[in-house]
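The values are calculated or read from the model by the stated rules, or taken from the named source; none is laboratory data. Predicted, not measured: the structure shown is a model, and the values here were computed from it. All Cβ positions, even for glycine, are placed from backbone atoms using ideal geometry, and neighbour counts span all protein chains on display.
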Amino acid sequence: MITNVETYFDEGCGRCSKMATPLCRVRTWETELQLLRKIILETGLVEELKWSHPCYTFQNKNVVMIGTTKACCAISFFKGVLLEDKQKVLIAQTENMQATRQLQFTNTAQILELENTIKAYIFEAIEVEKSGAKVPYKEPIAIETPEEFQYFLDNDEVLKLAFEGLTPGRQKAYLLHFSEPKQSKTKTARVEKWMSQIKRGKGMND
């Protein structure tokens, strides 16, 4: 796990063996990420490293985070569902994603074209934090989350967001699988085995 924001931009997030190689997704989108970083910092948000990704905060509250996939780089708004989105450019990564919304980009031209929109949405997101508005989450699926899995969800925002984005059926399958063992260490081992699959937005049988 990396401990410095600059390491992320120079070498990658450190979550896989591709870090610091040409195959690293962060390095693939290096130019675009640096441009997004510049634009975000111009809004006055504080840059921090959380969950091995650059996270930008207002008064210690998470506002946006930047990241990558194979297909794009993106700004994720933690409470994006509460934004007005006048330009209709925010995307829910999956149909079940309740709070987070993204602006996705595949080149610097797209970013520059939406620079003013990016800043406007960030300022709106800051106002949401100032207001204390909460996301009206739907009722969770009726299966208890094992405390071993809950620990990872509480300490890994990427995992949490990915799990929230899964369909209820996929969530249920994971929770049942994690709950089966009697011993805590076995439950923890199962969680660790499937974390990368969850982060890819995949179910157990995908």
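Among the residues of region 74-84, those identified as touching a helix residue (DSSP H, G or I) at 6+ places or on another chain (Cβ under 9 Å) and crowded, with 17+ Cβ neighbours inside 10 Å are A74, I75, S76, F77, F78, K79, G80, L82, L83.
The rows are residues; the columns are (1) of a type outside the set (V, I, T); (2) free of Cβ contacts under 8 Å to residues at least 12 places away in the same chain; (3) within 27 Å of V26 (Cα to Cα).
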site: R101; (1), (2), (3): yes, no, yes
site: Q110; (1), (2), (3): yes, yes, yes
site: I122; (1), (2), (3): no, no, yes
site: E148; (1), (2), (3): yes, no, no
site: A173; (1), (2), (3): yes, no, no
site: S179; (1), (2), (3): yes, no, no
site: K185; (1), (2), (3): yes, yes, no
site: T188; (1), (2), (3): no, no, no
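Please work out which residue is farthest from T31 (Cα to Cα), limiting yourself to region 51-73 and to residues that are touching a helix residue (DSSP H, G or I) at 6+ places or on another chain (Cβ under 6 Å) and of a type outside the set (A, V, I, L, M). If we take residues in region 51-73 being touching a helix residue (DSSP H, G or I) at 6+ places or on another chain (Cβ under 6 Å) and of a type outside the set (A, V, I, L, M), then K61 is farthest from T31 (Cα to Cα). Number of residues in region 19-41 that are surrounded by fewer than 16 Cβ atoms within 10 Å (Cβ to Cβ) and not in a helix (DSSP H, G or I): the value is 4. Taking region 98-123 as the range and being of a type in the set (A, V, I, L, M, F, W, C) and either outside any loop (DSSP other than H, G, I, E, B) or outside the structural domain of K88 (by TED's automatic domain parsing) (or both) as the test, the residues that pass are L103, F105, A109, I111, L112, I118, A120, I122, F123. On the stretch given as region 46-90, residues that are on the phi > 0 side of the Ramachandran plot and in contact (Cβ under 8 Å) with a residue 60 or more places away in the chain total 3.
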